[in-house]
Amino acid sequence: MTSKNTRRFDEVRAGEALPELAIPITVPLIAGGAIATRDYFPGHHDAEAARKLGSPHIFMNILTTSGLVQRYVEEWAGPGARFGALKIKLGAPNYPGDTMTFTGEVSGCNADKRSVEVTLKGKNSMGNHVTGTVAVVLP
C-alpha cells in the first residue's frame, strides 16, 4: 500500500535504505500484467506455448517489471513524488510460484533539482530479476 505521506527532499540522505518489499509471483500477476500492457506474446499467458519455447512456465514481461519497480519506489517516496529517469536491466526470469523481493537505497541526492537517485534490485530464487536506478523529484 502506498504511503499517504510524501517524503520530503530535506528528510532523505544518501545511503538510506528503502524497506524491503516481497511480491509473490503468480499466474494472474504475470498474465494480467501482460494483458494490461497489450503484450499478447504467448510466453506471458499460455503455459503450453511457454514450454514449447523452452521455458518451464509463463514468465513476466518487462512492462510488468517496470510497473513493480515504480510501485516499490512510490511506496517509499509517497504519492507526491515525481518520477524521472527509470533505468532497469532484466536478469533471471520471474516464474509463478516464486517471490521477488525488492531492496534499495538512496544512492545520490541533487539539491538543485530536489531529486534523489534510488538504486534497487528485485531478487527471486534464481538471482536478480531486475536491477537499476530510478530518479525521483521530492517536494
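The values are calculated or read from the model by the stated rules, or taken from the named source; none is laboratory data. What you see is a predicted model; the values in this text were computed from it and never measured. Glycine also receives a Cβ, built like all others from the backbone with ideal geometry; neighbour counts cover every protein chain displayed. We work out accessible area using only protein heavy atoms, side chains counted, and drop any ligands, DNA or RNA first. Shrake-Rupley method; radii C 1.70, N 1.55, O 1.52, S 1.80 Å.
Give all pairs with beta carbons closer than 6 Å in which a residue from the range 57-74 that is over 20 Å from residue 20 (Cα atoms) meets a residue that is charged (D, E, K, R) and surrounded by fewer than 17 Cβ atoms within 10 Å (Cβ to Cβ); count only pairs at least 6 apart in sequence or on separate chains.
Once the first residue is over 20 Å from residue 20 (Cα atoms) and sits in the range 57-74, its partners that are charged (D, E, K, R) and surrounded by fewer than 17 Cβ atoms within 10 Å (Cβ to Cβ) give 61/39.
On the given criteria, is residue 98 open to solvent by 70 Å² or more (accessible area, probe 1.4 Å) and farther than 10 Å from residue 135 by Cα? Working first, answer last.
Numbers: open to solvent by 70 Å² or more (accessible area, probe 1.4 Å): no; farther than 10 Å from residue 135 by Cα: yes.
Criteria not met by residue 98.
Conditions: (1) in contact with a Phe, Trp or Tyr (Cβ under 9 Å, 6 or more places away or on another chain); (2) without any contact (Cβ under 8 Å) to a residue 40 or more places away in the chain. Residue 127 meets all but one. Number of the miss?
So the condition that residue 127 fails would be (1).
Among the listed residues 16, 48, identify the single one that is open to solvent by 40 Å² or more (accessible area, probe 1.4 Å) and under 27 Å from residue 139 (Cα atoms). Before you say what the answer is, go through the steps one by one.
Working: 48 fails: under 27 Å from residue 139 (Cα atoms).
16 is the lone residue from the list that is open to solvent by 40 Å² or more (accessible area, probe 1.4 Å) and under 27 Å from residue 139 (Cα atoms).
Could you grab me the full set of residues in the range 6-22 that are over 19 Å from residue 65 (Cβ atoms) and in contact (Cβ under 8 Å) with a residue 60 or more places away in the chain?
6, 7, 8, 9, 12, 13, 14, 15, 16, 17
Regarding the range 108-121, can at least one residue be identified that is farther than 30 Å from residue 46 by Cα, exposed (fewer than 15 other Cβ atoms within 10 Å of the Cβ) and in contact (Cβ under 8 Å) with a residue 40 or more places away in the chain?
yes
Of the numbered conditions (1) open to solvent by less than 20 Å² (accessible area, probe 1.4 Å); (2) more than 15 Å from the chain's Cα centre (by Cα); (3) not aliphatic (A, V, I, L, M), residue 132 satisfies every one except a single condition; which is it?
Tallying (1) open to solvent by less than 20 Å² (accessible area, probe 1.4 Å); (2) more than 15 Å from the chain's Cα centre (by Cα); (3) not aliphatic (A, V, I, L, M), residue 132 fails exactly one: (2).
As an exercise: evaluate residue 23 against (1) closer than 15 Å to residue 131 by Cα; (2) within 13 Å of the chain's Cα centre (by Cα) and give the number of the one condition it does not meet.
So residue 23 meets the others, but not (1).
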